[in-house]
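Inspection log for the structure reproduced underneath, given as structure tokens.
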Amino acid sequence: MEEPIIFSIESSCDETAVAILKGKNKVLSHLVVSQIDIHKVFGGVVPEIASRKHLDYLNQLAKKSFEEAKIRPEEISAIAVTYGPGLVGALLIGLNFAKGLALNLNKPLIGVNHLYGHIYANFLAFPELKPPFLVLLVSGGHTMILHAKDYLHFEIVGQTMDDAAGEAFDKVARMLNLGYPGGPKIDKLSQKGNAIYDFPKPLYHKGYDFSFSGLKTALLYFTRENNDYRIEDVAASFQKALIDTLIHKTIKASKDLKINDIIIAGGVAANSYLRKKIKDEQEKNKNLHIYFPSLELCTDNALMIARAAYEKFIRNKFSNLSLDAVPNLGLKDIC
């Protein structure tokens with residue numbers, strides 16, 4: 001069977017991205033335009049601006065993608081697109097573009113859950129990876145531990161009860177007047193500080209669920225009640241409390257479920273402290289196998305959407321043109 005060629009679109013938030021993937025791992029094109037510089041002056045993503053910029057960028061990116069891949073649009077096998085979760089306006093721009101292309105080229109449409117895409121970013125770097133494995137999915141909007149029982153079968157082991165890890169990073173960064181995006185700024189600042197403050201680790205010894213609102217509140221009161229502190233030390237202490245909790249619960253789930261393969265996915269997977277500490281866990285236990293996507297695939301991109309779509313393509317799991325954007329796409333069926 002000839003390998004499918006999938007053209008994909010990602011526009012769930014403030015990155016406009018397209019990609020063309022042949023088969024499981026042959027990258028023909030991979031383009032991303034970030035809007036960070038546009039939104040950082042507002043301290044966060046402005047949905048209306050994000051949507052307008054997707055509209056400005058998408059057509060020219062698509063043309064450039066086919067030129068880079070050196071193929072004609074008629075040669076692709078399917079069009080994949082993120083349909084949720086995300087900002088509804090931003091999702092609709094990508095989704096309607098994909099529908100128009102699918103209709104014009106008479107090609108099947110594949111709707112992909114954004115979270116599923118983040119998971120499959122690892123498969124681009126590690127083609128030998130196969131279920132069962134555990135997933136620590138940490139992003140701006142979601143934090144969860146998943147049990148991958150099969151390629152399209154994921155069960156939630158634990159998830160955040162309030163703030164996601166990336167959301168907590170952004171909120172704390174605003175408290176400390178660090179600007180947007182918060183995660184990279186706290187990570188960089190932490191490298192100059194020491195984790196000398198004992199911030200709480202809510203639910204640390206209770207099951208697999210997470211809670212970061214109490215940690216965020218503790219930091220807020222600390223900064224209000226104390227003037228004599230180094231911001232670098234506060235950032236490092238906050239980051240340590242949050243990341244240590246993520247790792248502790250993931251390793252606990254690995255032991256309890258007797259699963260030694262763990263993949264890290266989502267934007268927070270780029271955090272340098274998270275990468276270092278979980279590799280330390282791997283050094284302690286040689287049976288553990290930890291997988292990270294490359295840094296460029298941690299953030300939103302269309303290549304991960306194409307790789308996720310491949311799994312649906314080979315199983316004939318296509319979408320029809322009535323597919324709608326689902327900004328709060330459910331987590332029980334993340335495929």
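Just so it is clear, none of the values below were taken in a lab; they were calculated from the coordinates. Note that the structure is predicted; figures quoted are calculated from it, not measured. Ideal geometry is used to build each Cβ from the backbone, glycine not excepted, and the neighbour counts take in all protein chains shown.
What to note about this one:
- For residue 126 and residue 105, the difference between the fully extended length at 0.36 nm per residue and the C-alpha to C-alpha distance is 4.4 nm.
- Descending semi-axes in whole angstrom, ellipsoid equivalent of region 130-294, from the Cα gyration tensor: 28, 15, 14
- Put a plus charge on the Cβ of each Lys and Arg, a minus charge on the Cβ of each Asp and Glu, and nothing anywhere else: the dipole of the chain about its Cα centre is then about 440 debye.
- In region 242-335, GluC sites (Glu not before Pro) in a DSSP loop with at most 12 other beta-carbon atoms within 10 Å: none
- A simple spin-label model places pseudo-atoms 7 Å from Cα toward Cβ; at residue 232 and residue 27 they are separated by 3.4 nm.
- Listed residues 7, 246, 73: farthest to the positive end of the dipole of the chain (Cβ charges): 246
- Gain upon complete extension [residue 281, residue 41; 0.36 nm per residue less C-alpha separation]: 82.6 nm
- The trypsin sites (Lys or Arg not before Pro) of region 35-71 that DSSP puts in a loop, and whose beta carbon has at most 10 other beta carbons within 10 Å, are 70.
- Here is the list for region 237-335: trypsin sites (Lys or Arg not before Pro) lying in DSSP coil, each with at most 16 other C-beta atoms within 10 angstrom of its C-beta, are 258, 286, 315, 317, 332.
- The fewest-to-most ranking of 289, 114, 205, 147 by surrounding Cβ atoms within 10 Å reads 205, 289, 147, 114.
- Exposure proxy shown here: for 175, 144, the number of other Cβ atoms within 10 Å sets the order, fewest to most, as 175, 144.
- Cross-link partners of residue 63 among lysines (Cα-Cα below 30 Å; sequence separation of 8 or more within a chain): 22, 24, 26, 40, 53, 99, 107, 312, 317
- Only one residue of 273, 227, 237 has its Cα farthest out toward the positive end of the dipole of the chain, where Lys and Arg carry +1 and Asp and Glu -1 on Cβ, and that residue is 273.
- Dipole-positive endmost among 213, 59, 291 within the chain (Cβ charges, Cα centre): 291
- Nitroxide proxy distance, nm - points 7 Å out along Cα→Cβ at residue 204 and residue 159: 2.6 nm
- Scaled against 2.2 N^0.38 Å for its residue count N, the alpha carbon radius of gyration of region 198-335 is 1.32.
- Only helices enter the 222 nm calculation for the chain: every DSSP H run of n ≥ 4 contributes -39,500 (n - 2.57), and dividing by all residues gives -14000 deg cm²/dmol, rounded to 500.
- For the chain, the antiparallel share of DSSP beta bridges with both residues in that region comes to about 60%.
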